[in-house]
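The values are calculated or read from the model by the stated rules, or taken from the named source; none is laboratory data. Predicted, not measured: the structure shown is a model, and the values here were computed from it. Note that we place each Cβ from the backbone using ideal geometry, even for glycine, and neighbour counts take in every protein chain shown.
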Amino acid sequence: MTTDQEFLPAATPTAPSLSRLTRFRQIFAICLLSLLVAGAASAQSPIAAVNTEHGLAIKGCDRVSYFTIGKPTLGSSSFSASYKGAVYRFASAEDRDRFIAEPEKFVPQYGGYCAYATSLKLIADIDADEWAIVNSRLYLNNSFFAQTQWSRDKSGNIARGDWNWPLVPKLGEAVS
């Protein structure tokens, strides 16, 4: 019996699903490599104890607003305070005063560097919109990818970050 139809084995993946999977792997690899390269370059040499951009911690966002209104809010130069060598801005005098009264309650963990990178023994900058509060502590991450990966095992990543952070050499600290 002869037919003009060509049959494919049932186990052969179709081209669209194979290309989607390959594309996902490429994006995943690029994101991971970006995080590793960014962190690996700075993890070897001492870093500032507080992550700042133009002298401002958390890119100028009001860290109290993460706790009070549940989102980052850009701070104002009219309401600022210095703490541990960094300038913190706030959206209101009330937020500034709350911070001054209890700064350790509001400062982000790991000096405001990426929590996911810190859990991997790396250092990376943050995106102020990628964050979480866990056990009344603010954790910032580098990107949506880092936030997603960090969130998959928050308690494990926090434990690793808590272990790794004291080992990161910081400017002004004696190196043993």
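So which of Trp150, Trp163 ends up being in a helix (DSSP H, G or I), over 15 Å from the mean Cα position of the chain (by Cα) and either surrounded by fewer than 17 Cβ atoms within 10 Å (Cβ to Cβ) or modelled with pLDDT of 95 or more (or both)?
Just one listed residue meets the conditions, Trp163.
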Inset, instruction - Just one of (1) touching a residue at least 12 places away in the same chain (Cβ under 8 Å); (2) farther than 19 Å from Ser136 by Cα trips up His54, so point out which. - result: (1)
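So that you can scan it fast, the table gives a plain yes or no per residue for (1) within 21 Å of Ala132 (Cβ to Cβ); (2) in contact with a Phe, Trp or Tyr (Cβ under 7 Å, 6 or more places away or on another chain); (3) modelled with pLDDT under 95; (4) not in a strand (DSSP E or B):
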site	(1), (2), (3), (4)
Ser65	yes, no, no, yes
Ser78	no, no, no, no
Ala81	no, yes, no, no
Tyr88	yes, yes, no, no
Glu94	no, no, no, yes
Asp97	no, no, no, yes
Ile100	no, no, no, yes
Ala117	yes, no, no, yes
Legend entry - Which listed residue is in contact with a Gly (Cβ under 6 Å, 6 or more places away or on another chain), outside the structural domain of Thr73 (by TED's automatic domain parsing) and either over 15 Å from Ile47 (Cβ atoms) or without any contact (Cβ under 8 Å) to a residue 60 or more places away in the chain (or both), from Ala124, Ala115: Ala115
Legend entry - Candidates Ile58, Ile100 - the one that is within 27 Å of Trp163 (Cβ to Cβ), aliphatic (A, V, I, L, M) and not assigned by TED's automatic domain parsing to the domain that holds Arg152: Ile58
Legend entry - All positions within the stretch 102-115 that are assigned to a loop (DSSP other than H, G, I, E, B) and of a type outside the set (A, V, I, L, M, F, W, C): Glu102, Tyr113
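Return yes or no: is Tyr88 assigned by TED's automatic domain parsing to the domain that holds Ala146 and under 18 Å from Lys59 (Cα atoms)?
Considered against the rule, which asks whether it is assigned by TED's automatic domain parsing to the domain that holds Ala146 and under 18 Å from Lys59 (Cα atoms), Tyr88 comes out as no.
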Inset, instruction - For Ala132, state whether it is surrounded by 13 or more Cβ atoms within 10 Å (Cβ to Cβ), of a type in the set (Gly, Ala, Ser) and not assigned by TED's automatic domain parsing to the domain that holds Ile58. - result: yes
